[in-house]
Amino acid sequence: MRVIASSIRKGNVIEQDGKLYVVVSAENIHPGKGTPVSQIEMRRISDGVKISERYKTTDQVEKATIEERNYTFLYEDGDGFHFMNPETYDQVQVSKDVVGDAAAYLQPDMTVKLSLHDVNVVSLALPQRVTLEVVETEPVTKGQTASSSYKPAVLSNGVRTTVPPHISVGTRIVVMTEDGSYSERAKD
């Protein structure tokens, strides 16, 4: 399926020169003078090599046909990450380079969306938010609660983020999986 370059987003799969690439980042650049361009960074699925391409925003790009399905995360071992299709109970193994930074947010029984091309998993989409516990942060300073300054914190998955001053160690918070930023205090 041919689409214009400006419509390509992170996670899309592009077919180029007979090889499949998953988009790592896509940015549309509109300079003051000249032609607007799409800067696309992608990783070759077969061997993990990263390349960067620049297209005119109106150029046609071949988008590969991808099937997206929900899978349940089971466990991680030396071979990679293991997921199960909740309808058929088929298990699929995903390599560490496909999972990438998302590995820190994976939790047992979490439902994720896997993108498959034929039978190969090419990318993984996490839920937008995940609940984690704060395991390390500075103590609450009296009188600082009204200020808008955030303080550094380490979460139970090892990710570093910033939290409001009233959040203390042991508090469960909701984090955005896209960038690890604080969203809200968990309701549970």
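Would you call residue 140 of a type in the set (A, V, I, L, M, F, W, C), assigned to a loop (DSSP other than H, G, I, E, B) and more than 29 Å from residue 46 (Cα to Cα)? Yes; evaluated as a whole, the condition is true for this residue.
Hey, does the range 171-180 have a residue that's in a loop (DSSP other than H, G, I, E, B), within 30 Å of residue 45 (Cβ to Cβ), in contact with a Leu (Cβ under 9 Å, 6 or more places away or on another chain) and in the same structural domain as residue 80 (by the TED database)? Before the answer, list the steps.
The initial filter retains those residues of the range 171-180 that are in a loop (DSSP other than H, G, I, E, B), namely 171, 177-180.
Next, from what is left, pick out any that are within 30 Å of residue 45 (Cβ to Cβ): 177-180.
Narrowing further to those that are in contact with a Leu (Cβ under 9 Å, 6 or more places away or on another chain): 177-178, 180.
Narrowing the set further to residues that are in the same structural domain as residue 80 (by the TED database) leaves none.
No, every residue in the range 171-180 fails to be in a loop (DSSP other than H, G, I, E, B), within 30 Å of residue 45 (Cβ to Cβ), in contact with a Leu (Cβ under 9 Å, 6 or more places away or on another chain) and in the same structural domain as residue 80 (by the TED database).
Mind checking which residues of the range 57-99 are among the aromatic types (Phe, Trp, Tyr) and either more than 18 Å from residue 119 (Cα to Cα) or in contact with a helix residue (DSSP H, G or I) (Cβ under 9 Å, 6 or more places away or on another chain) (or both)? Outline the logic, then answer.
Restricting attention to the range 57-99, the residues satisfying the condition of being among the aromatic types (Phe, Trp, Tyr) are 71, 73, 75, 81, 83, 89.
Residues satisfying the conditions are 75, 81.
Residues that are open to solvent by 40 Å² or more (accessible area, probe 1.4 Å) number at least 2 in the following strands (runs of 3 or more DSSP E) confined to the range 1-74: 2-4, 19-29, 37-44, 50-56, 60-62. Pairs are defined by a Cβ separation below 6 Å, a sequence spacing of at least 6 or placement on different chains, a first member in the range 63-75 that is over 20 Å from residue 103 (Cβ atoms), and a second member that is open to solvent by 60 Å² or more (accessible area, probe 1.4 Å) and not in a strand (DSSP E or B); the pairs so defined are 63/1. When residue 93 is tested against (1) in contact (Cβ under 8 Å) with a residue 60 or more places away in the chain; (2) in contact with a Gly (Cβ under 9 Å, 6 or more places away or on another chain); (3) exposed (fewer than 14 other Cβ atoms within 10 Å of the Cβ), just one condition goes unmet, and that condition is (1). Residues satisfying the criterion are present in the range 155-167 (criterion: of a type in the set (D, E, K, R) and at pLDDT 85 or above). Hey, does the range 111-124 have a residue that's among the charged types (D, E, K, R), modelled with pLDDT under 90 and part of a strand (DSSP E or B)? Checked against the condition, which is being among the charged types (D, E, K, R), modelled with pLDDT under 90 and part of a strand (DSSP E or B), the range 111-124 yields no hits at all.
The values are calculated or read from the model by the stated rules, or taken from the named source; none is laboratory data. Everything quoted here is computed from the prediction, not taken from an experiment. Methodologically, a virtual Cβ is constructed for each residue, glycine included, from the backbone with ideal geometry; neighbour enumeration extends over all protein chains shown. Each accessible area value is taken on the protein alone, full model and side chains, heavy atoms only, with ligands, DNA and RNA left out. Shrake-Rupley method; radii C 1.70, N 1.55, O 1.52, S 1.80 Å.
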